[in-house]
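Enquirer: Right, I'll just put the structure down here and ask away after.
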Amino acid sequence: RERGISEQTLIARAGRSAAEWAAAQYPPSVRFLVLAGKGNNGADALVAGRHLAKLGRRVRLFRAWRTAEADAFVERIRQAGDTQHPFVVLDGLWGTGLNRPVENPLRALVDVLRDSPHAVVSLDLPSGLHPDTGRPFDLAARARHTLAFGLPKLGVVQEHAADDVGELHVLDLGFPEDLIAEIPSELDLLTAANIAPFFAARKRRAHKGDLGRVVVIGGAVGMAGAPALAARAALRAGAGLVHLLIPKTLFPDGLALAGAEVMTTPIEDGGKGFFTQRSLDAVRPFLATARAAVLGPGLGRALATRAFAEAILRDCATPLVVDADALDSRACRRALRDARGERILTPHPGEMARLAGCDWTETQKDRFGIAGAYARENRATVVLKGARTLIAHPRPIRTGHPRADGREKNEVRFSVNALAGNPGMASGGVGDALAGVLAALLARGLSAAEAARAGVWLHARAGDLAMPATGGGIASDLIEALPRAMTE
């Protein structure tokens, strides 16, 4: 209002942008059923329906507050078995105005929105979903697409809301950028625009030394492929040189899997097939000349290997991506607080639970709280993987309080990836590829927080380019798509 932008103007922009998105997304043969509630979300839907009609699309409107129209909508959806004449539902039943469980008779509307065999496109957020927590009040629509207006609600980027939200799209309503910048927030949404500055074009005189050397340390019997994937991903993500260090017993396999471009060195393992503390002297010179390193893919959990990993975690001054088996709770707890260099940890929910000493279900219930607390306490950047990969990184701030003598304390900031990536990425080796991508960006001189943000987006976008959401793609497909994602 202070900037002269009325509520009516925002509704008009929201409805028009939703209509334009829908018209571009779906072919002319598709019909639109518009379900509108009484509030602003319903107003958005009414405007969207009107614009779709102006664009020559077939539209039928149902006003939920009119019993006959609500009943007709329910009946139309329940008879929707014939997919030869497809339609799309624009869900404008409720937005942020809902503050209690859905009650009859409107509950029947949400029931059919959840079970519709045809596509549901929810405006701002799926009807019945809490805008902050991302959990249903008791029942919520299940959307194929959710169109967030201007700034997405916190609830739609939560991991547990992913199935209800579907594919998230953020539509621009023309909010003044300086006004958005003034809003205090500890969370930002990863977008192509806000990570693009990290992928500046190379100078014409660039050589491989300018782009950094990455060392990948991993592998144990039966798991030579994991570090090889990380090494290949680091190369594809732009590292100038990549050196793979694997136990000597695995050398032939590691050399073949990594490819000719990766320098592969066998490290003495006494014939055991895994790293031991005796391996440290051979590994340390490689770390001393690297700009970034990966520790953990396929490393194994032998007691001797745990001690080896703990020593590297603690003593290595090189920025380090800590992945997979290196995320041993005891080793991390002892070594991270005394670490000499920047650390990026890449746990999946089970590994995060072990690190934090809690149950897996607790981690998923409070991803922000648990990842944030671990990042703060251990002064490390945490990349908590999942359908909505979450990055927590500590940011030192001056307290400015006389009793604290102006000393620094750690404030945690978050970034979340909700716009790139797809379910087809649930495949072995994809996490190893992420570790390599992160290391390549560290080697280019990015901070741990910058590398995590840019790397998570790049990895997810490559997944979209190469791995079908229905499955069947493999990690190598994603790795091959990394240069194309960077070019975008």
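The values are calculated or read from the model by the stated rules, or taken from the named source; none is laboratory data. All values derive from a computational prediction rather than experimental measurement. With ideal geometry, Cβ positions are generated from the backbone for all residues, glycine too; neighbour counts draw on all protein chains shown. With ligands, DNA and RNA removed, areas are computed over all heavy atoms of the protein, side chains included. Shrake-Rupley method; radii C 1.70, N 1.55, O 1.52, S 1.80 Å.
Enquirer: About its Cα centre, how strong a charge dipole does the chain have in debye, to the nearest 20, once Lys and Arg get +1 and Asp and Glu get -1 at the Cβ?
Expert: Details: 61 positive and 52 negative charges, 154 e Å.
Rounded to the nearest 20 debye, it is 740 debye.
Enquirer: Next up: Restricting to DSSP H runs of at least four residues, report the calculated mean residue ellipticity at 222 nm for the chain, -39500 (n - 2.57) per run over all residues, nearest 500 deg cm²/dmol. Numbers along the way, then the final one.
Expert: Details: 18 runs with 191 residues, N = 488.
Using -39500 (n - 2.57) per qualifying helix, the result is -11500 deg cm²/dmol.
Enquirer: Would you mind calculating the relative contact order of the chain from Cα pairs under 8 angstrom and at least 6 residues apart, reporting the percent as a whole number? Please list the in-between numbers first.
Expert: Working: 1077 pairs, mean separation 54.3, N = 488.
Over the chain, the number comes to 11 percent.
Enquirer: Could you work out what % of the accessible surface of the chain is carbon and sulfur, using a 1.4 angstrom probe and leaving DNA, RNA and ligands out of the count? Display every interim value, and only then the final one.
Expert: On the way: 11030 of 22030 Å².
So the carbon and sulfur contribution to the accessible surface is 50 percent.
Enquirer: Scale the Cα Rg of segment 149-286 by the rule-of-thumb value 2.2 N^0.38 Å and send over the ratio, two decimals. Please list the in-between numbers first.
Expert: Details: Rg = 22.1 Å, N = 138, 2.2 N^0.38 = 14.3 Å.
That ratio works out to 1.54.
Enquirer: Turning to a different aspect of this structure: Grab the Cα-Cα distance for D315 and R66, subtract it from 0.36 nm times how many residues apart they are, and report the gain in nm with one decimal. Present the calculation step by step, with values, prior to reporting the outcome.
Expert: Numbers: separation 249, 0.36 × 249 = 89.64 nm, distance 6.90 nm.
Between D315 and R66, full extension yields an extra 82.7 nm.
Enquirer: If you count, for each residue, the other Cβ atoms within 10 Å and average over each peptide, how do 292-303, 120-131, 21-32 line up from highest to lowest? Let's see the in-between values first.
Expert: Values: 292-303: 24.7, 120-131: 27.3, 21-32: 15.1.
Highest to lowest by the protection proxy: 120-131, 292-303, 21-32.
Enquirer: Mind sorting out which of (i) 30.5; (ii) 26.9; (iii) 33.8 is the real mean projected area of the Cα convex hull in nm² computed from the coordinates?
Expert: It is the one labelled (ii).
Enquirer: Ignoring ligands, DNA and RNA, how do K365, K208, K38 rank by accessible area with a 1.4 Å probe, largest first? Let's see the in-between values first.
Expert: On the way: K365 150, K208 125, K38 170 Å².
Reading off the accessible areas and sorting them downward yields K38, K365, K208.
Enquirer: Follow-up question, since we're still on this one. Amide H to amide H under 5 Å from V412: which residues, 5+ apart in sequence or cross-chain, H placed 1.01 Å off N in plane?
Expert: When sequence neighbours closer than 5 places are left aside, the close amide H contacts are R395.
Enquirer: Continuing with this model, one more query. Give me the number: length gained by fully extending T487 to R205, i.e. 0.36 nm times residue separation minus the C-alpha to C-alpha distance, one decimal in nm.
Expert: Details: separation 282, 0.36 × 282 = 101.52 nm, distance 1.88 nm.
Roughly 99.6 nm would be gained on extension.
Enquirer: Using a basic spin-label model with each label point 7 Å from the Cα along Cα→Cβ, how many nm lie between E377 and Q25?
Expert: Placing both labels 7 Å along Cα→Cβ, they lie 4.1 nm apart.
Enquirer: Need one number: nm distance between label points at A282 and A192, each 7 Å from Cα along Cα→Cβ, rounded to one decimal.
Expert: Inter-label distance under the simple model: 4.5 nm.
Enquirer: Follow-up question, since we're still on this one. Just report the Cα centroid separation between segment 1-78 and segment 131-148, whole Å.
Expert: Cα centroid to Cα centroid, the span is 18 Å.
Enquirer: Just want the answer: with Cβ charges of +1 for Lys and Arg and -1 for Asp and Glu, which residue in F274, H130, A23 is farthest toward the dipole's positive end in the chain?
Expert: Farthest towards the positive end: F274.
Enquirer: Same structure, new question: Using a probe radius of 1.4 Å on heavy atoms only, what accessible surface per residue do you get for the chain? Whole Å² is fine. Show your work: numbers first, answer last.
Expert: Details: 22030 Å² over 488 residues.
With the other protein chains kept in place, the chain gives 45 Å² per residue.
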